[in-house]
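Remarks on the structure that follows.
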Amino acid sequence: MAEYNLAVIAGDGIGPEVIAQGRKVLEAVAAQSEGLFFRTTEFPWGSDYYRETGRMMPEDGLGQLSACDAVLFGAVGDPDIPDHITLQGILLPMRRAFDQAICIRPAVLYPGVASPVAGKAAGDVDLVIFRENTEGEYAPVGGRLYPGTPHETVIQSGVFTRRGTERIIRAAFEHCVRRGGKNKVTSVTKSNAQAFSMVFWDEVFAEVAADYPQVQTESLLVDRAAMDLVRWPEDFDVIVASNLFADILSDIAAVVTGSMGLAPSANINPEGRFPSMFEPVHGAAFDIAGRNQANPLATIFAVAMLLEHLGETEAAQRVNAAVLRVLNERITLTADLGGTASTQQVGDEVVRLLGG
């Protein structure tokens with residue numbers, strides 16, 4: 001029997017709403033799979049916890065999570081708390097402490113979903129973004145000198161190590177070989193302006209690419225990549241980029257393929273020494289929080305990625321197949337996809353189709 005310990009952090013905004021549907025689907029597919037069982041522990045951390053304690057999670061929070069096999073995460077953020085407090089209080093420390101270096105963000109134009117880009121049909125866009133997840137521009141290196149004075153000075157340093165840069169680029173190439181798509185890896189930098197970090201990235205990309213002569217490669221500046229993602233998204237296969245650039249490009253890719261509500265994310269510890277974390281890309285979405293209007297499909301896709309990561313491939317395939325039926329049939333969809341269904345109704349429909 002396969003039994004997994006799963007940590008669940010619903011977090012803020014629409015996080016609890018979509019996580020409830022993700023858990024519902026996870027429990028349903030486990031019940032239908034012989035010998036598959038999840039033991040879940042809920043951690044009530046986030047902005048409400050911060051209001052009570054002054055921390056986004058307890059001091060030993062990472063220690064509590066470390067015993068789990070994986071983490072299912074909802075969202076973090078609050079309109080009344082500065083974003084740097086919420087993000088640096090739980091999400092980024094988890095990624096760094098658990099060395100979740102490989103962030104994988106697929107973006108697919110599915111049947112039944114309309115792209116805002118004219119002339120794009122289902123299947124035309126099928127790409128995945130590999131984001132370096134633990135260093136780069138989001139490294140907490142820097143400080144303030146003479147704060148509050150006319151000569152206040154602020155330094156924020158990007159950190160690029162050979163280990164971190166090479167492993168995300170190599171992970172992108174390995175995935176490209178396995179996935180059998182357009183067989184192309186696109187590296188995105190800004191090396192014309194960032195002559196140290198991004199030139200270094202370009203050099204490492206060329207070194208790794210030499211080990212994969214069967215894979216096509218290209219290097220784009222980030223402004224060109226953003227432009228091409230909007231006008232020619234079908235040209236991309238696997239994109240690899242630094243923490244900041246991949247973060248921005250993955251939001252563009254999600255919108256090009258129909259909705260932020262369809263974008264999942266896997267944050268992988270490549271050595272398997274620590275738990276990996278799975279989440280929707282969309283964030284807390286305060287404007288619709290508590291209205292039962294949020295699209296839970298990104299979270300449910302993230303559940304499928306979690307199952308795949310744990311080696312439960314057949315269960316993951318069944319979850320993905322059920323979501324694709326929901327999209328293709330266009331009967332039970334939330335407002336972002338042109339429907340009128342509630343968050344709960346969409347989750348219920350995925351569960352129903354799992355049974356069929």
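Evaluation of E329 against the conditions (1) closer than 13 Å to E17 by Cα; (2) modelled with pLDDT of 95 or more shows that the sole unmet condition is (1). Checked against (1) of a type outside the set (F, W, Y); (2) part of a helix (DSSP H, G or I); (3) more than 13 Å from the chain's Cα centre (by Cα), S219 passes all but condition (2). Among the residues making up segment 108-128, those that are touching a residue at least 12 places away in the same chain (Cβ under 8 Å) and of a type outside the set (A, V, I, L, M) are Y110, P111, G112, S115, P116, K120, G123, D124, D126. Scan segment 287-327 for residues that are within 28 Å of P82 (Cβ to Cβ), within 19 Å of the chain's Cα centre (by Cα) and surrounded by fewer than 23 Cβ atoms within 10 Å (Cβ to Cβ) and the total you get is 0. Sub-6 Å Cβ pairs linking a first residue in segment 189-205 that is farther than 13 Å from T161 by Cα to a second residue that is assigned to a loop (DSSP other than H, G, I, E, B) and hydrophobic (A, V, I, L, M, F, W, C), at least 6 apart or interchain, number zero. So, of the residues in segment 88-101 that are within 14 Å of the chain's Cα centre (by Cα) and free of Cβ contacts under 8 Å to residues at least 60 places away in the same chain, which turns out to be nearest to N243 (Cα to Cα)? Per the stated criteria, the residue is L92.
Residues checked against (1) over 20 Å from the mean Cα position of the chain (by Cα); (2) closer than 24 Å to V255 by Cβ; (3) in contact (Cβ under 8 Å) with a residue 40 or more places away in the chain; (4) buried (at least 16 other Cβ atoms within 10 Å of the Cβ):
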residue	(1), (2), (3), (4)
F38	yes, no, no, yes
T86	no, yes, yes, yes
F130	no, yes, yes, yes
G143	yes, no, no, no
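Counting only residues that are of a type in the set (A, V, I, L, M) and within 25 Å of G119 (Cα to Cα), segment 247-284 holds 10 of them. Of all residues in segment 26-60, those being more than 29 Å from P79 (Cβ to Cβ) and assigned to a helix (DSSP H, G or I) number 6.
Taking segment 336-356 as the range and being surrounded by fewer than 16 Cβ atoms within 10 Å (Cβ to Cβ) and either not assigned by TED's automatic domain parsing to the domain that holds T299 or not in a loop (DSSP other than H, G, I, E, B) (or both) as the test, the residues that pass are Q344, R352, G355. Within segment 258-301, the residues that satisfy the criterion of being part of a loop (DSSP other than H, G, I, E, B) and without any contact (Cβ under 8 Å) to a residue 12 or more places away in the chain are G272, R291. Taking the listed residues E59, E52, E27, the one that is of a type outside the set (A, V, I, L, M) and under 26 Å from E135 (Cβ atoms) is E59, with no other qualifying. Would you say T313 is of a type in the set (V, I, T) and under 30 Å from P79 (Cβ atoms)? So T313 fails the test.
Of the helices (runs of 4 or more DSSP H) that lie entirely inside segment 61-174, those containing 2 or more residues that are of a type outside the set (S, T, Y) and under 30 Å from A322 (Cβ atoms) span 92-97.
Residues considered: A107, A67. Of these, the only one that is of a type outside the set (S, T, N, Q) and either modelled with pLDDT under 95 or in the same structural domain as V185 (by TED's automatic domain parsing) (or both) is A67.
Taking first residues from segment 42-63 that are in contact (Cβ under 8 Å) with a residue 12 or more places away in the chain and on the phi > 0 side of the Ramachandran plot and partners that are surrounded by 14 or more Cβ atoms within 10 Å (Cβ to Cβ) and outside any helix (DSSP H, G or I), the Cβ contacts under 7 Å between residues at least 6 apart in sequence or on separate chains come to G46/G11; G46/D12; G46/M56; G46/V76.
For A316, the stated conditions hold: it is under 19 Å from C103 (Cα atoms) and outside the structural domain of I248 (by TED's automatic domain parsing).
The values are calculated or read from the model by the stated rules, or taken from the named source; none is laboratory data. The model shown is predicted, which means the values in this text are computed figures rather than measured ones. Using ideal geometry, Cβ is built from the backbone for each residue, glycine included, and neighbour counts are taken over all protein chains shown.
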